[in-house]
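J.: One structure coming up, written as structure tokens, with questions to follow.
The values are calculated or read from the model by the stated rules, or taken from the named source; none is laboratory data. In this text, all values refer to a predicted model and were calculated from it rather than measured experimentally. For neighbour counting, all protein chains shown are included, and Cβ atoms are generated from backbone atoms with ideal geometry for every residue, glycine included.
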């Protein structure tokens, strides 16, 4: 069994159990977590830990689950009628379609807060847990993903320039991916300079994934993408600003930069990232990261 399969089994076996008289609250928390997903962010974290300190791998599953909880909350809220008003996510009805909007809001809130409980109750030292919580809250909150989402929603129907577009998507998407790599470095005890190198690499990787996601929205049928597509017409996407060819050129530029940076890392990092880059980097295979 590979790391991804082990983590998937762990995630499904540890889904939250909540006893109450609510008819489907517990089910709503697990609904989108049980859906088929790439687990890209947990995979980044676990590959880093396994490459540098494999004895810490199993202890890292709880932190990897926390990151997946936080990411899943962001998807649930992103799909809400007040935001993207999407009908399909991970091949299933979105949560507000499956149940109702109130349930989706509360389930997202619950997964967000519970992610930090998972970290706080993990088996690492308090110093390590504080660093992980700081990194995840910094990049998932007001200085990262939430700020990016706020810009995305507010400036809908207003075409931003390329620098503002990158700012938006670095915050909305790339920072959480970058934080995941840095959290891996925190767990295995790497030095500050190396942590920052991982983070900067993650920013580029996350931005590339956003461009690919914009291309998916423009070019791929929702049955193939497993989520609502053709939904970005009024949003600030790389396709809307640069056109399909321009977005592909920007993806190519970033992919080339990532390939060059990758070659300058140590062998542990290369072994951790190789399966990720082999699967996701190549531009002729546009894939969704949701």
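J.: Somewhere in region 238-251, is a residue assigned to a helix (DSSP H, G or I) and at pLDDT below 90?
T.: Start the filter on region 238-251 by keeping residues that are assigned to a helix (DSSP H, G or I), which leaves 238-251.
Subset that is at pLDDT below 90: none.
No, that holds for no residue.
J.: For region 55-74, state whether one or more residues are in contact with a strand residue (DSSP E or B) (Cβ under 8 Å, 6 or more places away or on another chain), surrounded by 16 or more Cβ atoms within 10 Å (Cβ to Cβ) and touching a residue at least 60 places away in the same chain (Cβ under 8 Å).
T.: No, because not a single residue in region 55-74 is in contact with a strand residue (DSSP E or B) (Cβ under 8 Å, 6 or more places away or on another chain), surrounded by 16 or more Cβ atoms within 10 Å (Cβ to Cβ) and touching a residue at least 60 places away in the same chain (Cβ under 8 Å).
J.: Considering only residues of region 75-116 that are more than 20 Å from residue 26 (Cβ to Cβ) and surrounded by 17 or more Cβ atoms within 10 Å (Cβ to Cβ), which is modelled with the lowest pLDDT?
T.: Here is the first cut: in region 75-116, the ones more than 20 Å from residue 26 (Cβ to Cβ) are 78-88, 91.
Checking the rest, the ones that are also surrounded by 17 or more Cβ atoms within 10 Å (Cβ to Cβ) come to 78-80, 84, 86, 88.
Values: 78: 95, 79: 95, 80: 96, 84: 89, 86: 92, 88: 92.
Going through the qualifying residues, I end up with 84.
J.: Looking only at region 26-53, which residues are at positive phi and crowded, with 23+ Cβ neighbours inside 10 Å?
T.: Those that are at positive phi and crowded, with 23+ Cβ neighbours inside 10 Å: none in region 26-53.
J.: Still on this structure, I have one more. Mind checking which residues of region 138-163 are surrounded by fewer than 18 Cβ atoms within 10 Å (Cβ to Cβ), in a helix (DSSP H, G or I) and touching a helix residue (DSSP H, G or I) at 6+ places or on another chain (Cβ under 8 Å)?
T.: Correct list: 138, 146, 147, 162.
J.: Any residue at all in region 279-290 that is modelled with pLDDT under 90, within 30 Å of residue 59 (Cβ to Cβ) and part of a helix (DSSP H, G or I)?
T.: Yes.
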